Amino acid sequence: MKNALFVSALALVALTNTAPSAFATTLATINTTIMLSSIDVPAATKATVARLYPSVKAVKWEKEDGNYEAGLTHKGKEVSLVIDAKGNVLETETTIMVSALPVSVRDYVTKYHTGKKIKEAGEIVDAKGKKTYEAEVGGKDLIFDEKGQFIK
């Protein structure tokens, strides 16, 4: 009987010490979800992200030109999707290593932006499958076509 009472008391102490931590973790998760869902996103739009990235739990939503932009991290890469209210993906941008850019992009930056480096790089695919590249240089986004030729 004393052993059962001692085990019960020990379990109560353990639960008392872990409950606040578990509650804080749950509260942090709830707050994160609220902060990330501060705009009204249509169900079809959210469903598209859930279907394409079922393992992703944190999505940051923003409005973009009447559509919705979902920002998330998937397999260590930052991904940004532009989705309309019906759930159609209009554009997907994925961060890539600067070294993954076509050589012509890096050559262009070296030639026309002397002394500056590419801070971030991205691969953009539109709804029709057309690929472009983005290179952030000196706080500006430079856009290149699929072959690495400068567009804007």
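Read the figures in this text as sums done on the coordinates, not as results from a lab. Remember, it's a predicted structure, so these values are computed and weren't measured experimentally. FYI the Cβ positions are ideal-geometry reconstructions off the backbone, even for glycines, and counts take in every protein chain you see.
Inter-label distance, K131 to T94: 0.9 nm, where each label sits 7 Å from its Cα along the C-beta direction.
The trypsin sites (Lys or Arg not before Pro) of region 85-139 meeting both criteria, a DSSP state outside H, G, I, E and B (loop) and at most 10 other C-beta atoms within 10 angstrom of the site's C-beta, are K86, K128.
Would you mind counting up the charge near V109? Only other residues with Cβ under 9 Å from its Cβ, with Lys and Arg at +1 and Asp and Glu at -1.
On the way: positive: R106, K111, K116, K117; negative: D107.
Within the 9 Å Cβ shell, the charges total +3.
For region 70-137, a/c is not less than 1.5, where a ≥ b ≥ c are the root eigenvalues of the C-alpha gyration tensor, and a/b tops b/c. That puts it in the prolate class.
Of the residues S55, S99, S80, S104, the one with the fewest other Cβ atoms within 10 Å heads the list, and the complete ranking is S55, S99, S104, S80. Other residues whose C-beta falls under 13 angstrom from the C-beta of D145 contribute a net charge of 0, scoring Lys and Arg +1 and Asp and Glu -1.
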